[in-house]
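Structure, as structure tokens:
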Amino acid sequence: IHLDGTNECVNLGNSSEIKLTTTDTSEGVGITVSAWYKHDAWDGTSSGYGSTGAIVNCIASGGWGINYGNRIHAHLNIPNGAGNTYLQIQGAYKSQHSTQQSSRSSGWTHVAITFDGRIFELYVNGRVETSRGTEIVNSGSDDTPIRYGSGNSNTDVLIGGDPGNLSGGVSGSATIGGAPFDGKIDQVAIWDKALDADAITRIYDEVNDGITGEPLRLFKDSGDYDYADDLVGYWTLDEGSGTTTEDESSNGNAGTLLNAPIFSSDLPI
């Protein structure tokens, strides 16, 4: 999907099937969110794209999100006593760090977050992001639940925007809270498991190694990727026209295009 950086986004709704809460650390039960993105301001020489944009996000007074501005931000909210706290991983600033994953010449970048109830990780282009010396964030205990807001802060999951408090409340359609993304986003997926490193590398390598010349279709297992049965939301964003995008998992949570973003034929290659 191609977003204009003003108010366009895709609303994936508020279903508990994609806004997961329960975790089981010993079984790897938790959440993985994965997407490909290509910012329109990518210049081929640095890791920074100049303007802040939400890639996939449901943060208000809780939730999780992946954002990109002058660095990648990954956030996830968990309870902390009477209050709550955000687990956070941040990539490098615009200057390329020696341990940061290199930008691809096509401009497409793959990003994923995983949380198994204890460990929160950020992957960039198939590898754990270590650009600021932080590979993982530990919540401090097993089976830590994911915390979302309540009432009007229990926002929908958006592709390309930060929901904040959506105009009109939950599932509002008039405006987004901020951080509109300027560029293309593709192949957004959510699992109810924390994918292992081999599986995430396999998703990235399908494109990077030119195995098929197109992204891995995540509703079937392939090599080290064997999590198809754990897929709870999958939006390939390849309808070509219309105002909705189908969920190709078994849950059927179709996304609604808000403020007329356009489908793009530009695939992550």
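The values are calculated or read from the model by the stated rules, or taken from the named source; none is laboratory data. Please read these numbers as outputs of a predicted model, since none were measured by experiment. Here the Cβ positions follow ideal geometry from the backbone for every residue, glycine too, while neighbour counts run over all protein chains shown. The area values use the complete protein model at the heavy-atom level, side chains included, leaving out ligands, DNA and RNA. Shrake-Rupley method; radii C 1.70, N 1.55, O 1.52, S 1.80 Å.
Taking the Cα atoms of region 190-269, what is the range of coordinates along each of the three principal axes, in descending order and whole Å?
37, 27, 16
With a 1.4 Å probe and all protein chains kept in place, how much accessible area does residue 266 have, in Å² rounded to the nearest 10?
Accessible area of residue 266: about 50 Å².
Order 265, 139, most accessible first, counting only protein heavy atoms with a 1.4 angstrom probe.
265, 139
Under a crude label model (7 Å from the Cα following the beta-carbon direction), how far is residue 224 from residue 244 in nanometres?
3.8 nm
Would you kindly find the accessible area of residue 246, with a 1.4 Å probe and non-protein molecules such as ligands, DNA and RNA excluded, rounding to the nearest 10 Å²?
100 Å²
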